[in-house]
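Working notes, beginning with the structure itself.
The values are calculated or read from the model by the stated rules, or taken from the named source; none is laboratory data. All values derive from a computational prediction rather than experimental measurement. Methodologically, a virtual Cβ is constructed for each residue, glycine included, from the backbone with ideal geometry; neighbour enumeration extends over all protein chains shown. SASA here: full protein model, heavy atoms, side chains in, ligands and nucleic acids out. Shrake-Rupley method; radii C 1.70, N 1.55, O 1.52, S 1.80 Å.
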Amino acid sequence: MTELLTSTADAAAPPRIDADWWRQATVYQIYPRSFADANGDGIGDLPGITSRVDYLARLGVDAVWLSPFYPSALADGGYDVDDYRNVDPRLGTLADFDAMIAALHAAGIRLIVDIVPNHSSDRHEWFRQALASPKGSPERDRYVFRDGLGANGELPPADWTSMFGGPAWEPVGDGQWYLHLFAPEQPDFNWRNKEVREDFLTTLRFWSDRGVDGFRVDVAHALAKHLPEDLPSEAELQAMDRATGTHLLWDRDEVHDIYADWRAVFDEYDPPRIAVAEAWVNPPSRRARYASASGLGQAFNFDLLEADFDAAAFRGIIVDNLDQAAASGSSTTWVFSNHDVVRHATRYGLPPNGDRPRVHNRAWLLSGGAEPALDAAAGLRRARAATLLMLALPGSAYLYQGEELGLGEVAAIPAESRQDPTFFRSPGVDVGRDGCRVPIPWTAAGDSFGFGTADAHLPQPEWFGALSVEAQSEDPSSTLNLYREALALRHRLQTDESLTWADSAEEVLHFRRANGWEAVANFGTTAVPLPAGEVLLASGPIDAAALPPETTVWIKAGS
Ligand code: GLC
């Protein structure tokens, strides 16, 4: 296989110090409080990550994306940041951070950290100062304050709803209110304020100087806001056009002035630091602005994550995103799971019902996993097939911790153990995102399945044991070994960012990369003939002549 599949990088070679390393990287998202707990307090930490670098290296990822590890009261899982240039003491110290990055780099793994610029936490020094300072003060200008309505400002400035449910304006007791698009503990910054702009540049340099290779930019499309004197109602806001860069809150064109400043900082480093925008924009063509080389450089494409397991849907999304990436000069990103959505091994095992991936099959979540029935085997079979298809695509692949174990969503979490603010702000409507954030199982039995020595901060179900790293490591047919083999092959086979479609039946997707590496995915319910060529890897059992339903194979084209 090696001579035909001319590789651009050898699996054993150290990573190229190459400004384009991110374009087709495999990036593994770590939600640090749920990855590995080294100090036995039930919460994952940075030394826990350092202790698992060998695992990450064996898995074969090119980079880690680390969700927030900053000091935080955890009103929103760490996306409420008290101090952007420090480590949560429960997770470690700056010295632990340095040790972690050194260990990752020594293993050839790069590090991308999450940056949360739309809002701080309400415990951030600046927000405390804003509360202690009078209306109209420079301290309040760093956030979005408004006078309330009514004789004494006792009514909110507008009836806006926050993303987690409930009102988006919070009173501070002197007739003024502040804006929080997310939880009340997450006051929105005023990005017209010069100090805010400068401070984030300082933060980007702080982590870049410590060696981080890039940044994942949280709600990148919300920073620029235009609040007119007379605020519109929630209904008017909802009706506003989001496609023209003029919506008052989301995806305004001038947000890119901010990212031009950031780019100048990224380019101070060699290789330049990279960034990927979390920007839920519509139409998808608006992503190009975030992905441009003069801006953040790359933007998440959540299209596959939002799609059902369906050949036509996948094909349309792949074609569209490769076109968009080519037009913007960026590479696209593929992702099925992250810390905000129901895990894809579960989504694919539930009947599609039009719910968004974050609440996929709301009825199932609300019933604690009872109704409708989950077909876990089908979900995993489809997840493996979809992932193997995705890993053969040009562009970068983002994986979420635990998906390499085939972990499903944990639906049965008692109310008293839940942590996500959505659960508390949307009673009976949305159980929130805790089900994909349960600490991952390392061992088949024992204290918190090897996560740590104390009970995990979110309860792990019994069925986690059978999916643990220990249970799968030596099993050649396990999901873990499918990922390991796929990532090793992907590393070796990665070639230019093009693909060619081969003719195939309606339920089948079949494409070829420039070096003869092919992927064939059967989304249908009946077996189809297996195209000619040597099978390199399969997402499930296959026989010599047929590709079974809901299975993907990688093949080397027949000569
Ligand atoms: C992003 C994060 C999510 C967080 C929200 C507010 O969408 O991915 O977890 O709750 O931003 O920061």
Which FRET efficiency, nearest 0.05, do Ala73 and Glu268 yield, Cβ-Cβ r, R0 25 Å?
0.15
With axes computed from alpha carbons, what is the tilt in degrees of helix 255-266 against the longest principal axis of the chain, rounded to the nearest 10 within 0 to 90?
70 degrees
Ratio to report: Rg/Rh of segment 333-438, with Cα atoms as the point set and Rh obtained by the Kirkwood method; give two decimals.
0.97
Against the 2.2 N^0.38 Å rule of thumb, the C-alpha Rg of segment 508-547 sits at a ratio of 1.14
What angle do you read, to the nearest 10 degrees and between 0 and 90, between the alpha-carbon axis of helix 376-390 and the longest principal axis of the chain?
90 degrees
Equivalent ellipsoid semi-axes - Cα gyration tensor, segment 379-437, angstrom:
30, 13, 10
Starting with the highest mean, order 489-497, 399-407 by the number of other Cβ atoms within 10 Å, averaged over the residues of each peptide.
399-407, 489-497
Using a simple charge model, +1 on the beta-carbon of Lys and Arg, -1 on the beta-carbon of Asp and Glu, nothing else, what dipole does the chain show about its Cα centre, in debye to the nearest 20?
680 debye
Cα-based convex hull, the chain, per residue volume (Å³, whole number)
143 Å³
For segment 259-317, compute Rg over Rh where Rg is the Cα radius of gyration and Rh is the Kirkwood radius from the inverse mean 1/r over Cα pairs.
1.12
Rg/Rg_ref, segment 174-324, where Rg_ref = 2.2 N^0.38 Å and atoms are Cα
1.17
Accessible area of segment 231-351 with a 1.4 Å probe: how many percent of it is carbon plus sulfur?
52 percent
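Hey, how much of the P(r) for segment 112-243 falls beyond 21 Å, as a percent of Cα pairs?
Working: 3775 of 8646 pairs.
For segment 112-243, the share of Cα pairs beyond 21 Å comes to 44 percent.
Please report, as a whole percent, how much of the solvent-accessible surface of segment 113-190 comes from carbon and sulfur atoms (probe radius 1.4 Å).
Carbon and sulfur together cover 52 percent of it.
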Taking the Cα centre of segment 355-461 as the origin, how large is its charge dipole in debye, to the nearest 20, when only Lys and Arg (+1) and Asp and Glu (-1) carry charge on their Cβ atoms?
360 debye
List the residues whose amide H sits under 5 Å from the amide H of Val276, counting only those 5 or more places along or on another chain, with H placed 1.01 Å from N in the peptide plane.
Phe215, Arg216, Val217
Compute the convex hull volume of the Cα atoms of segment 469-559, divide it by the residue count, and report the result per residue in Å³ as a whole number.
108 Å³
Rounded to the nearest 500, what is the chain's calculated 222 nm mean residue ellipticity when only DSSP H runs of at least 4 contribute -39500 (n - 2.57) each, over all residues?
-7500 deg cm²/dmol
³J(HN,Hα) across segment 201-206 via Karplus (A = 6.51, B = -1.76, C = 1.60, θ = phi - 60°), whole Hz, x for Gly/Pro?
5, 4, 5, 4, 5, 4
What does DSSP give for the chain in terms of the percent of beta bridges that are antiparallel, rounded to the nearest 5?
55 percent
With every protein chain kept in place and ligands, DNA and RNA left out, what is the accessible area per residue of the chain? Probe 1.4 Å, answer in Å².
37 Å²
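Could you order peptides 106-114, 333-341, 222-230, 345-353 by the average number of other Cβ atoms within 10 Å of their residues, highest first? Write down the numbers at each step before the final one.
On the way: 106-114: 19.6, 333-341: 23.3, 222-230: 14.9, 345-353: 21.4.
Taking the mean over residues of other Cβ atoms within 10 Å, the ranking is 333-341, 345-353, 106-114, 222-230.
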Could you state the number of Å between the C-alpha centres of segment 269-328 and segment 497-552?
25 Å
In vacuo Debye sum over C-alpha of segment 335-384, base-10 log of normalised intensity I(q)/I(0) at q = 0.27 Å⁻¹, listed in q order, is -1.07
Along principal axes, largest first, the alpha-carbon spread of segment 18-164 in whole Å comes out as 65, 36, 27
The Cα extents of segment 66-149 along the principal axes, largest first and rounded to whole Å, are 57, 22, 19
Charge-dipole axis of the chain as Lys and Arg at +1 and Asp and Glu at -1 on Cβ define it, positive-most pick from Trp169, Ser539, Gln419:
Ser539
Could you work out the local net charge near Ile555, counting Lys and Arg as +1, Asp and Glu as -1, over the other residues with Cβ closer than 9 Å to its Cβ?
-1
